[in-house]
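The values are calculated or read from the model by the stated rules, or taken from the named source; none is laboratory data. Note that this is a predicted model, so its numbers are computed, not measured. Reconstructed Cβ throughout: ideal geometry from the backbone, glycine too, with neighbour counts over all protein chains shown.
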Amino acid sequence: MKSILITGASSGIGRATAELFLQTGWRVGLIARRADRLNAMAAEHPNAVALPADVTDPKAMRQAFEDFGHIDVLFNNAGLFGVSAPIDEVPLEVWTEVMQVNINGMFITAQLAFEQMRKQADGGRIINNGSLSAYVPRPGSVCYTMSKHAVTGLTRTLSLDGRPFNIACGQIDIGNAESELVADLKAANPEMDTMDVAHAASSVLHMAQMPAQANVQFMTVMATKMPYIGRG
């Protein structure tokens with residue numbers, strides 16, 4: 001049975017992805033801070049392992065990895081948006097919180113996965129959740145946009161550093177999947193085009209199922225009518 005660890009698994013893209021992998025027969029490690037949600041999912045699926053942990057806590061994350069054991073794939077997904085405002089209206093504590101989760105949390109999780117995968121004969125695969133914001137920003141998204149540009153740098157570095165150890169790394173850049181984060185944005189912009197979060201989950205599954213000799217380096221999946229392509 002193939003195994004995957006998913007961070008941010010209690011809601012949104014992470015939860016939808018976890019549920020799809022569970023239905024497909026994978027062993028799934030569920031990492032998030034909300035233990036009640038993870039335990040409820042694990043109670044419904046014998047191949048799910050609830051691993052409550054904060055991605056910014058190195059000790060808790062190391063324990064989660066040790067408890068789960070062999071890992072074929074990591075979906076490095078946990079993230080925050082922060083406030084929607086121009087930079088001079090962003091409180092420093094909000095900036096710090098977003099960087100702590102979206103950069104430090106991503107780094108801690110990737111580091112632990114890399115450390116474990118390089119010891120495995122079959123290596124492994126890391127899939128980072130980037131965003132369209134890794135390329136182009138929304139107005140008033142300085143915290144999120146800067147953090148997601150950093151994720152792209154992480155993906156590229158892991159791709160290079162992982163080659164000697166059979167560790168592949170790719171990035172999925174998702175636009176307007178219907179999650180809690182996007183629901184908040186859509187509340188302020190009812191005309192926003194969105195897509196079912198299931199399409200994001202199935203895209204992660206496609207990346208995870210690639211054979212060891214192949215890798216989806218970057219994938220963009222988004223609502224068809226998003227104003228991402230073109231000029232105003």
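For segment 133-152, residues that are under 16 Å from GLY170 (Cβ atoms) and either touching a His at 6+ places or on another chain (Cβ under 6 Å) or not charged (D, E, K, R) (or both) total 4.
Applying a threshold of 7 Å to beta carbon distances and a minimum spacing of six or more residues, or different chains, the list of pairs starting in segment 101-121 at a residue that is part of a helix (DSSP H, G or I) and ending at one that is of a type in the set (Phe, Trp, Tyr) reads LEU112/PHE65; GLN116/PHE65; MET117/PHE165.
SER202 satisfies every condition listed in (1) among the hydroxyl-bearing types (Ser, Thr, Tyr); (2) touching a helix residue (DSSP H, G or I) at 6+ places or on another chain (Cβ under 7 Å); (3) buried (at least 17 other Cβ atoms within 10 Å of the Cβ) except (3).
Just one of the numbered conditions (1) of a type in the set (A, V, I, L, M); (2) closer than 19 Å to ALA16 by Cα; (3) assigned to a helix (DSSP H, G or I) is not true of ALA187: (2).
This table checks each residue for (1) out of contact with any strand residue (DSSP E or B) (no Cβ under 6 Å at 6 or more places or on another chain); (2) at pLDDT 95 or above; (3) outside any helix (DSSP H, G or I); (4) charged (D, E, K, R).
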{"position": "SER10", "(1), (2), (3), (4)": "yes, yes, yes, no"}
{"position": "LEU22", "(1), (2), (3), (4)": "no, yes, no, no"}
{"position": "GLY25", "(1), (2), (3), (4)": "yes, yes, yes, no"}
{"position": "ARG33", "(1), (2), (3), (4)": "yes, yes, yes, yes"}
{"position": "ASN39", "(1), (2), (3), (4)": "no, yes, no, no"}
{"position": "ALA42", "(1), (2), (3), (4)": "no, yes, no, no"}
{"position": "VAL49", "(1), (2), (3), (4)": "no, yes, yes, no"}
{"position": "ASP54", "(1), (2), (3), (4)": "yes, yes, yes, yes"}
{"position": "LYS59", "(1), (2), (3), (4)": "yes, yes, no, yes"}
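Among the residues of segment 81-103, the ones that are crowded, with 17+ Cβ neighbours inside 10 Å and either modelled with pLDDT of 95 or more or hydroxyl-bearing (Ser, Thr, Tyr) (or both) come to 8 in all.
Quick grid of which residues meet (1) in a loop (DSSP other than H, G, I, E, B); (2) in contact with an Asp or Glu (Cβ under 9 Å, 6 or more places away or on another chain); (3) over 22 Å from VAL94 (Cβ atoms):
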site	(1), (2), (3)
PRO139	yes, no, no
ARG163	no, no, yes
ILE172	no, no, yes
MET207	no, no, yes
GLN213	yes, no, yes
LYS225	yes, yes, yes
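For segment 66-80, the condition of being in a helix (DSSP H, G or I) and touching a residue at least 12 places away in the same chain (Cβ under 8 Å) holds for at least one residue.
Checked against (1) modelled with pLDDT under 90; (2) loosely packed, with under 13 Cβ neighbours inside 10 Å, PRO211 passes all but condition (1). Against the test of being over 13 Å from the mean Cα position of the chain (by Cα), surrounded by 21 or more Cβ atoms within 10 Å (Cβ to Cβ) and of a type in the set (Ser, Thr, Tyr), the options TYR144, TYR135, TYR228 yield a single qualifying residue, TYR144.
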